[in-house]
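What follows is calculated from the coordinates using simple rules that are stated; it is not laboratory data. Note that the structure is a prediction, hence the values are computed from the model and not measured. For neighbour counting, all protein chains shown are included, and Cβ atoms are generated from backbone atoms with ideal geometry for every residue, glycine included.
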Amino acid sequence: MSASDGCLSVVMPCYNEAATIDEIISRVLASPFTGELIVVDDGSTDGTRRRLSQYDDPRVRVLLQPENRGKGAAVRRGFAEASCEFVVIQDADLEYDPGDWEALLAPLARGDGDVVYGTRMQEGPEHRVPYYWAMICNRMLTRLSNMLTGLWLADVATCYKAFRLEVVRSLDLRENRFGIDTEITAKVAAGGWRVWETGISYTSRNYAEGKKITWKDGLAVFVCIVRYGVSVRVGPLIQSARTSRTS
């Protein structure tokens, strides 16, 4: 896929990432695919906001949440502001590399897909070894999500999800925290959108370096998978039953 100026809206939820924000913004702006970067600061208190105020690149838009509301709330606000042909979620740390965007966007650019997940589970280039239990938990949650949505994904919790703009516009999202990933997946499945996967690089960081997700978030994600996954399975049955009663 050749680069196309202005084809990509980058939605970057951000909370207390002063140590990495300058580097990741530099990488995003260096990509030929970046049409706009929408940084949604989720109530940072570590100096991140001061750093964000220094950017005068016309592609950078900084939105400030009045308080910490969660990744999901930040993603939803960024989605509402996106305007380019394609949209990608980019974390504000350095775990995900914008150098993977070409592969992530390829199925969209060819017209073959509507949504592309960048999976950390496929073997690829060298990578920093992630936490064992974090990956085991992700695999279990992904398997449960697959059972309920009917999709066969390898990594439901990956940050790297790319969309056609019309898909983003169609998603009525509600989750404020990390459950946003599974809510997106369930609603993409319910919408019948064409979903692709591609392998990506991944540089896992530890908690001392700023990793924020915990086992409590994993439990909340489990609840979201059941809530939204069941709606994918049961919703059409309920609608069919209502139609039968009124016909």
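Miscellaneous remarks
- Amide H contacts under 5 Å for VAL40, placed H, 5+ residues apart: MET12, CYS14, LEU63
- The 3J(HN,Hα) values that the Karplus relation (6.51, -1.76, 1.60; θ = phi - 60°) gives for segment 57-73 are, in residue order, 5, x, 7, 8, 10, 10, 10, 10, 6, x, 7, 6, 10, x, 4, x, 4 Hz. Gly and Pro appear as x.
- Footprinting exposure proxy ranking of ARG76, ARG164, fewest other C-beta atoms within 10 angstrom first, gives ARG164, ARG76.
- Sorting the segments 36-44, 83-91 by their mean number of nearby beta carbons within 10 angstrom, highest to lowest, gives 36-44, 83-91.
- Couplings 3J(HN,Hα) of segment 184-192, computed from phi: 4, 4, 5, 7, 5, 5, 5, x, x Hz, in residue order, whole Hz [Karplus 6.51 cos²θ - 1.76 cosθ + 1.60, θ = phi - 60°; x for Gly and Pro].
- Think of segment 1-116 as having a plus end and a minus end, set by charges on the Cβ of Lys, Arg, Asp and Glu; of GLY113, SER31, PRO58, PRO58 sits farthest toward the positive end of this dipole.
- Three-way shape call for segment 37-172 based on the alpha-carbon gyration tensor, with the a/c threshold at 1.5: prolate
- For PHE178, the residues whose modelled amide H falls within less than 5 Å of its own, excluding neighbours fewer than 5 places apart on the same chain, are LYS71, GLY72.
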